[in-house]
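Scroll down for the structure; my scribbles are underneath it.
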Amino acid sequence: MKVLHVIPSLSWVHGGPSQTIRTMERALSVEGVEVLVATTDDDGRGKRIERELGVPLQEEGGVRIYFRKRVEFYCIAPGMILWLWRNVRNHDCVHIHALFSFTSSVAALIARARGVPYIVRPLGVLNQYAISDGKFGLRQLSLHFLERPILRRAALVHCTSAQEVEDVRAVEAASKCVVRALAIDLPALDRNSVRDAGQLNVLYLSRLDPKKNVESLLSAWRDVVARIPNARLKIAGSGEAAYVEKLRAAAGALGVDASVEWAGHVSGDVKSACFREADVFVLPSFAENFGIAVAEALSYALPCVVARGVALSDEVAAQSAGLRVEPTADAISSALIQALTDLAWRAKASLAARRLAESNFSVEALGVGLVEMYRSACEGSG
């Protein structure tokens, strides 16, 4: 089986989606699927990844082809059009990642014109938070003329949670949705018990963006350190420079800057160390269609405090692997205080977290699930 993946960017500045593509490449390789990823050279606003353009490149164990991003808006890369027209029929199906993007729109239109079934993964852009965001008003025409037809004509819509299915069908009721959870690599754990002494560490690891609700976390942190003076918060992630500076100023105004560490973007061994040194993980986002950072934290046996808008919050709460909270400062502070002061609860939640990661988010399960999805898409189009 040959599958073409199309995504606007593979840059690490975009967080989870870029990581997920790499995991999918490995999972599908194990299943014997031939994967080619078509993308742009985007590396964030005003930046480019330095790659040879328009030719397949072997990298990180996968095969990728990059096209020049000519316009920041919608990541427009005109060079992709002719290549897709000539090459899309060399694949059994197309897996499109994201909506409201030039690459997604042209891939869907060309795949349909050339008779190749396509699957769309919306990446959470259809949730209520995104729709109610002021910026979304600029997208209404696109939603009506492009995104809804793309969803309606897709062989399948790849959702990562039951909540995302509801979000998709609220926009296009005729969508044929299938749920396939994402995956993470399960690390070997070198600690056998929960710490009960010294500094208590809380980790936030995700992009820095208004959707992530870090403002409420910082407000909550003032109450946490007032109750637990030895608590420390590490904020690992990057974002627009002006917004990051705004957050740092807010921490100073709240008087919590001495107990907050700004680690910036982390990866590899540094990222692993962040998880291993933490006692509790927190993600207070208003909306997450999955929450890959939560899955990673669970794999490190970390109890998680997650807002209701994070799709994985339901599973975290159901499996007693953490606490699901409203995205308010009061709710976040209460949950963090409980998690940090109740050692017995933290020990039980730690075990439950690892069990949940092992059972639901393995790379092997992802590969099998994706192959089943591709076969279904191809059979449905036959």
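Here are a few things to note about the model shown:
- Scan of region 71-103 for residues that are out of contact with any helix residue (DSSP H, G or I) (no Cβ under 7 Å at 6 or more places or on another chain) and part of a helix (DSSP H, G or I), ordered by number: F73, G79, L82, W83, R86, N87, R89, N90
- Residues in region 218-246 that are surrounded by fewer than 16 Cβ atoms within 10 Å (Cβ to Cβ), within 23 Å of A331 (Cβ to Cβ) and not charged (D, E, K, R): A226, P229, N230.
- Here L366 meets each of (1) crowded, with 18+ Cβ neighbours inside 10 Å; (2) in contact (Cβ under 8 Å) with a residue 60 or more places away in the chain; (3) in the same structural domain as R276 (by TED's automatic domain parsing) with one exception, condition (3).
- Where V3 falls short, out of the listed (1) more than 20 Å from the chain's Cα centre (by Cα); (2) in a loop (DSSP other than H, G, I, E, B): (2)
- For V316, the conditions (1) more than 25 Å from N127 (Cα to Cα); (2) free of Cβ contacts under 8 Å to residues at least 60 places away in the same chain are fulfilled apart from (1).
- Test result for D92, at pLDDT below 95, assigned by TED's automatic domain parsing to the domain that holds A154 and farther than 16 Å from C159 by Cβ: no
- For region 96-114, the condition holds for at least one residue, the condition being that it is surrounded by fewer than 16 Cβ atoms within 10 Å (Cβ to Cβ) and either at pLDDT below 95 or among the hydrophobic types (A, V, I, L, M, F, W, C) (or both).
- Per the listing S333, S376, the residue uniquely assigned to a helix (DSSP H, G or I), in contact with a helix residue (DSSP H, G or I) (Cβ under 9 Å, 6 or more places away or on another chain) and of a type in the set (S, T, Y) is S333.
- Scanning region 320-337 for residues that are among the small types (G, A, S) and either closer than 17 Å to A295 by Cβ or surrounded by 24 or more Cβ atoms within 10 Å (Cβ to Cβ) (or both) returns S320, A321, G322, A335.
The values are calculated or read from the model by the stated rules, or taken from the named source; none is laboratory data. On a predicted model such as this, the values are computed, not experimentally measured, just so you know. Cβ: placed from backbone, ideal geometry, glycine included. Neighbour counts: every protein chain shown.
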